[in-house]
Amino acid sequence: MTTAELHDQYVLGTYGRFPVSFTHGTGTEVWDEAGKRYLDFGSGIAVCSLGHAPAVMQQAMAEQSAKLIHCSNLYQIRPQAELAQWISDVAMERPGKTFFSNSGAEANDGLIKLARKRSFDLHGSETHKVNIVTCQQSFHGRTLGGIAATGQDKVKVGFDPLLPGFLHVPFNDCAALREAVDESTAAIMLEPVQGEGGIHTATPEFFQTADQLRDEFGCLIFFDEVQCGFGRTGDWCAWRTILRDSDFSVEPDAVSWAKGMGGGFPIGSFWVADEHAAHLGPGTHGSTYGGSPLASTVSLRVLKEIEDQGLCDQIAEKEELVRTTVQEWGLPLVTDVRGLGLLLGIVVDAQQAGGLYDPDSATPLSIQIVAECLRAGLLVVPAGPDVVRIIPPLNVNHSHLQEGLTILNSVLSRFATA
Ligand SMILES: Cc1ncc(COP(=O)(O)O)c(C=O)c1O
């Protein structure tokens, strides 16, 4: 049976999959079953920070798996504790404590539990504040907590009754945020750069408003850095990249991560500032696999490699290369390049599309372009109907970056009006 036939017969059809199956890769390059080569500007959706099959990950896996792969959280796990130390000392630069999960959605579920438990501890069961304010077009994962937090109806349809207590405000709308937050608010939860929702970057004013509301109502601020965190924007923390030229800074009470922190090895986590950490004490939360010796060792090696290679410092230059190159093309089809660092969205306008564009197809323009890029040997990822996401490995080299952009240009030109 072909891989497609196996999928059709045996794998639950929850994904719309492109008709290709990859067998191996190295760095930014990846090959399919037919031996065709692609440049990977999707990184498994912002996961493969160091590209495919990086030597440091191979080595970390080989070494640690020869010693101890799994160990229950009934016991102390040194690699987990060392990774948590690195997160507080290097990424957060603040005292705090980390819980380890296996994915981003689970990490966000942990944040939701933190918000509720803190309110319960402070206010008691009758009156505790339970509401969490998130943003429209946000994405926080596919668990029942994650879809309730997500500000997109399409992920919720058919799954009622949803977890109650979520309000969604338009992203970057300070007045709406002010309107939504009150005494009943336990937390404000934001993606500093919305990924799945179409690559939108939070404004400093939006952070500032959240900060003021926290002061006023005593709620918490959570940042979901699952997609934008750990180097992708040129800093460990995307909100710091956003505020780098601002005279204002904001410090969240808790942060969730996943994706790039494992470089492809499944791991997620949330960090909680020390002053709130006691709300999740013994018996309040757990995971069989979370923070296993193997996952923690690999993740710490990935993060230290990003640090040792100084990759964060190279992101702004790579971003600039993408932005100026796309601008030089001068394609009317491309109306904007949104995002930050190597989490960029090429915004396309269906009104300006022609050539290969099929306006009668149920497939949106972004996906038609992504499918054509695939045929041309470039992996990119849609982010809504009119955004093509560019999220290459953080260590993508200049020649691959330029080669990928050349492919993208030739594909986009085929979607331009004659
Ligand atoms: C911002 C954000 N939060 C949470 C998630 C969910 O992460 P996971 O798929 O690992 O559960 C995603 C996944 O795309 C995401 O982009």
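The numbers here are math on the coordinates, done by the rules we state, and not lab data. Source: prediction; values computed, not measured. All Cβ positions, even for glycine, are placed from backbone atoms using ideal geometry, and neighbour counts span all protein chains on display.
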Phi-based couplings in Hz for the stretch 9-18 (Karplus 6.51, -1.76, 1.60; Gly and Pro marked x): 7, 10, 9, 4, x, 7, 10, x, 9, 6
Lys, Arg +1 and Asp, Glu -1 on Cβ, resulting dipole of the stretch 57-308 about Cα centre, debye, nearest 20: 900 debye
Packing-based order for 397-404, 31-38, using average beta carbon neighbours within 10 Å, highest first: 397-404, 31-38
Extension gain from Thr127 to Ser361, taking 0.36 nm per residue of separation minus the Cα-Cα distance: 79.1 nm
Among 344-356, 160-172, the order from most to least packed when residues are scored by Cβ within 10 Å on average: 344-356, 160-172
Inter-label distance, nm, simple model (7 Å from Cα along the C-beta direction), Gln212/Thr23: 6.0 nm
Between the stretch 330-345 and the stretch 119-198, the Cα center-to-center distance that results, in Å: 28 Å
Distribution of pairwise C-alpha distances over the stretch 57-308, 5 Å bins, in %: 1, 7, 14, 19, 20, 17, 12, 7, 3, 1, 0, 0
Val90-Leu68 pseudo-label distance in nm [points 7 Å out on the Cα-to-Cβ vector]: 2.1 nm
Loop-located GluC sites (Glu not before Pro) in the stretch 120-209, at most 15 other Cβ atoms within 10 Å (DSSP): Glu183
Order of Met92, Met261 under a 10 Å beta carbon neighbour criterion, fewest first: Met92, Met261
Whole-Hz couplings from phi, Karplus 6.51/-1.76/1.60, listed for the stretch 285-291; x for Gly and Pro: 7, x, 7, 4, 8, x, x
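Please sort by residue number the trypsin sites (Lys or Arg not before Pro) in the stretch 81-183 whose DSSP state is loop and whose Cβ has at most 15 other Cβ atoms within 10 Å.
When the trypsin sites (Lys or Arg not before Pro) of the stretch 81-183 are filtered for loop state and at most 15 Cβ neighbours within 10 Å, Arg142, Lys156 remain.
Can you tell me how much longer the chain between Ala53 and Gln136 gets when fully stretched, taken as 0.36 nm per residue apart minus their C-alpha distance, in nm with one decimal? All intermediate terms of the calculation are to be shown ahead of the outcome.
Values: separation 83, 0.36 × 83 = 29.88 nm, distance 3.62 nm.
Answer, rounded to one decimal: 26.3 nm.
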Diffusion coefficient, µm² s⁻¹, Stokes-Einstein with Kirkwood Rh over alpha-carbon pairs of the stretch 1-103 at 10 °C and 1.306 mPa s: 92 µm²/s
Interchain or long-range residues, amide H under 5 Å from Ala416's placed H: Gly354, Leu356
Amide H contacts of Val169 (H built 1.01 Å from N, under 5 Å, at least 5 apart or other chain): Thr134, Cys135, Gln136
Gain on full stretching of the segment that runs from Gln351 to Arg244 - 0.36 nm per residue minus C-alpha separation: 34.9 nm
